[in-house]
Each structure stands twice: as C-alpha cells, then as structure tokens.
Amino acid sequence: MSGEINGPVPVGLTGDADAAGTDARFVTAREMGVAGCTRCGRVWPLETDVCARCGNTIVSRDRKSLQRVWALWLVGLMCYVPANIYPMLRTRTLAQVQEDTIVGGAVELAQHGAPGIAIIILLASVVIPLAKFFVIAFLAVSVERRSAVSYHQRQLLYEVVEYIGRWSMIDIFVVAILSSLVQLNALAAINPGPASLFFALSVIFTMLSAQAFDSRMIWDAQSGREETEKDE
Amino acid sequence: MSDTPPIPCTDLIVCPKCDAAYSLQVPPAGQRAVCDRCGQVLIDTRHKAGLQIIAVSVTVVILIIAAAIFPFLSIQAGGARNSVSILDSALAFSDGPLIALALLTAALILFVPLARMMLAIYVLTPIVLDRPPARGAALAFRWSEALRPWSMAEIFVIGCAVALVKITDLAQVELGPAFWMFAALVILVVAQDRIMCRWSVWNSLDEEPAT
Ligand SMILES: [Zn+2]
Ligand SMILES: [Zn+2]
C-alpha cells in the first residue's frame, strides 16, 4: 500500500501481505452486486439503469463498448491515410508554390536546421497517432483473450493513450497559426491543405475511440487466471 | 449469497478504472485517496479548494476574452505587415470545407476552455456559499467534465512555439500582448484542473451527501 493512502480500505482486505499484487485482496463492485457510476463515482445496486446523481447510464461492464471502440478506430484510421497523402501546407512565395505533406514538411524543417522542431512534428503527427492505433487495437483484443502483458502495464498503456492523444493536434494548430499569420500579399502566403481536415478528424475519432473503451474489462480478463501471473 | 449488498451503497466507493470496491473513508483535507489496485486517484481534497477554483476560473474567463481581442502575433517582411488575433488564427481555415476545421479550432482553443470555466463558476459558487446546488448543477458539471479532453489551450501554445520557429527565417515576428495573456491563462487552466476534486464536487451535488 502506498503511504499517502489514508482513505478507502478494500472491502475484501484480509490483512494478508502475501497477497499483494494479486486480485485476492480486492473485491470488485461487480462481485458485491453493485456498480459504480463511471462518471461521478456514486455506487448503485447492479440493476440500476441510470445514475440519479449525474444521469450517466449504469453498466457493470460495457461489453458493447468494444464495437464502438473498433468502429471509431476504423474511421480514425481511414482519415489518417489521406491526411498523409494530401498536402498539409501550401506555401506561395515570389519564386514558387510549394506543397508539403506532414512528413515532407518535417523533413524540410530538419534540412533547414531545425531538427528539434522536426522531431516534435514527427512525434505528434506520425509516432503518436500510429502508436495510438496499435495500442487501442491491442487493448481491445487483449480483453477478449489471454494477454502476456500484465494488467498494470495495460492500464498504464491505456492512460498514456488517453493522455497523449490530444497532443497530436499540435500540427493542426501550427497550420492554423501559419496560415493566418503569413498573408503578406504578393510576397508570401501560406494556406492550409486538405490533409489538415483529415488529420483533425483522425485525431478526434481516435480520441473518441479511446474514450469509448471500458478499462474495467482489462482487470476482468485477468481475474480469470489468478494462478500463473507473478508480477510484483 | 444474498442479492442485497451487506454494506449500504453510500458507504462504498468504486474505482471507475478497475472496479475495485472500497469502504468509503474521506481523507483529511490535503491528502489523497488512491486506488490500491490501479493507482487511480479517487479523492483529492484540498482546503478551500472551492474558493481557489472560482478565483482562478474568473481570472481565466477575463484572460480568454482579452486574449481573443488583443493582437496575438504580427509579422513583418519586406515592407509587408500582418497582425492577427487568436480568433483570426483559429478561423484561418475559412475557405470551403475547411470552415468546419476553423470552427473546431476556435472551439478547442477558446470556447471550450471558456465554457468549462463558466460551468465551474456556476456549479461551485453555491457550494462555497453553503447554499443548495444551483439549478441544473449536475448537468452543468457533467458537461464540464465531458468537455475536459477537448480543452486544448495548452496544446495551442506548443503549436505557437513550433510555428514561430518555422517562420523565423521567412519574416520578423512580434509577440503581441495577447500572446502573454494566453501563456498565463494556460498555466491557470492547468492549475484549475489540478486543484479540483471531482469526487468532492459530485458528492456536494448529491441531495443526501455521503458524509
Ligand atoms: Zn453518476
Ligand atoms: Zn482502480
């Protein structure tokens, strides 16, 4: 138990320190015949439909959520493809008109002596979105079959995806600032390309997909195999 | 096994992330109650948090309105000059289908943070004054929480930094007063989020609070 805990005591706590790390110490709300509201935390009997405090639907496990996760995931992925094919920025200077895709723009930056910024853009626009597709798919698959990855690690993966997904919007904001600011009549102008719309949609749908995932299922899948797993 | 739980529901707290059930003991102000199983913070009370949140929220509302009006950035190159406000940069995508993106950007960096601050003020003011909750307070707080991931002012600031580096060799950039206001409000938005204990707010919105 961590030191700062002073409040809740696990209902099933037996005082057996040996059990640390396994599920034996914890009684889930479902086993007690109650369900917690995922929005406001109020506890209700299992048969409750709607939380009287906040109006949220009460479900012990949102199994149907997996369908929503996959549907939103797929839409996000379908938007991500054109986001990388079409130009993100259209730069017009006196000499030329240049169109840059997400990756092309980052490569350009790296060549012009701003490798740090190029790395930020590549992280936010390529690495994070791709990693998110993988992690969400992995989590959705892992709750339906046995997984070699421990529940703590999967919970951590889920939290990281939920936290970091929003940061992919950086590139959209960069495009917004550049296209409004760089409007210097004949001299130079920057305009957004069609990829910006697809990219924004991709970020939004993957955020919704991650939000639709019911993380309580991660811990359920684990409860069924108490014997083998020995994580500390 | 009986169908009814032995402990009344109001004496329980359930982790929303992993479903572990605990008997509810509210920690003293300044201490947190953390889920032992998954590490989720369940309760995070703070002394006078309500008043602090309201003060921060009012400041942020003023800063957002001011930052939207004053010049944000301006550039100069070869005699040509352009100055924009935050609203201008949000509405940059204004041709054709990109208009949807313009509205979305404006919402993510200005209107969602603004709405969340005003909802927080609406919900918390009666609580701090020891009055019964405002009409529709539960609905208001529900919206405030639903909008939480969509408040992206802090991400916009990083976007600004990247954009500035990108155009330094193209033109000369000046930071307007709105830029500094926006930087300040981002810090306050993050602070407001950190000091608010969701459990305490929901609990005080209950007709029959658990404690
Ligand atoms: Zn509720
Ligand atoms: Zn937990």
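See the values below:
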item: A:HIS112/A:LYS64 FRET efficiency (R0 45 Å; Cβ-Cβ; nearest 0.05); result: 0.35
item: Calculated diffusion of the stretch B:111-164, Stokes-Einstein form, Kirkwood radius summed over Cα pairs, 10 °C and 1.306 mPa s, µm²/s; result: 128
item: Computed FRET value (nearest 0.05) for B:GLN31 with B:VAL128, which takes r as the C-beta separation and R₀ as 22 Å; result: 0.60
item: Positive minus negative residues near B:PHE70 (Lys, Arg vs Asp, Glu; Cβ under 15 Å); result: -2
item: Ascending count of other beta-carbon atoms within 10 Å, so fewest first, for B:ASP95, B:ASP36, B:ASP193; result: B:ASP95, B:ASP193, B:ASP36
item: Tail weight of P(r) past 21 Å, computed on alpha-carbon pairs of the stretch A:65-218, percent; result: 49
item: Pairwise label distance in nanometres, A:LEU46 with A:VAL81, each label 7 Å out on the Cα-Cβ vector; result: 4.4
item: Axial C-alpha extent at least 15 Å, average Kyte-Doolittle at least 0.5 - helices from chain B (DSSP); result: B:49-69, B:112-128, B:153-167, B:177-195
item: Calculated FRET value between A:ARG145 and B:ALA55, using beta carbons and R₀ = 45 Å, to 0.05; result: 0.35
item: For chain B, average projected area of the Cα convex hull in nm²; result: 16.2
item: Label point distance in nm, B:ILE187-B:ASP95, each placed 7 Å from Cα along Cα→Cβ; result: 4.0
item: Debye intensity ratio I(q)/I(0), log10, the stretch B:1-45, q values 0.14, 0.17, 0.20, 0.25 Å⁻¹ (C-alpha model); result: -0.37, -0.52, -0.67, -0.92
item: Student exercise, chain B dipole from Lys, Arg, Asp, Glu Cβ charges, in Debye to nearest 20; result: 320
item: Dipole axis of the protein assembly as shown (+1 Lys, Arg; -1 Asp, Glu on Cβ), positive-most option in A:LEU178, A:SER168, A:SER147; result: A:LEU178
item: Residue-wise HN-Hα coupling along the stretch A:107-122, computed from phi with Karplus coefficients 6.51, -1.76, 1.60 (Hz; x: Gly, Pro); result: 4, 4, 4, 4, 6, 8, x, 10, x, x, 5, 4, 5, 4, 5, 5
item: Full-stretch length increase - B:GLN172, B:LEU147 - with 0.36 nm per residue and alpha-carbon distance subtracted; result: 5.4 nm
item: Under-29-angstrom lysine pairs by C-alpha in the protein assembly as shown, whenever the two are 8 or more apart or on separate chains; result: 7
item: Relative contact order for the stretch B:22-70, counting Cα pairs under 8 Å that sit 6 or more residues apart, in percent; result: 25
item: Trypsin sites (Lys or Arg not before Pro) within the stretch B:123-192: DSSP coil, no more than 15 neighbouring Cβ in 10 Å; result: B:ARG135
item: Approximate spin-label separation B:ARG135-A:GLN96, in nm, with each point projected 7 Å along Cα-to-Cβ; result: 6.4
item: For B:VAL165, net neighbour charge (Lys/Arg +1, Asp/Glu -1) across residues whose Cβ lies under 14 Å away; result: -2
item: Over the protein assembly as shown - Rg/Rh using Cα atoms and the Kirkwood inverse-distance radius; result: 1.02
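Values quoted throughout were computed directly from the atomic coordinates according to the rules given, and no laboratory measurement underlies them. Bear in mind that the values here come from a model prediction, so they are computed numbers and not experimental data. All Cβ positions, even for glycine, are placed from backbone atoms using ideal geometry, and neighbour counts span all protein chains on display.
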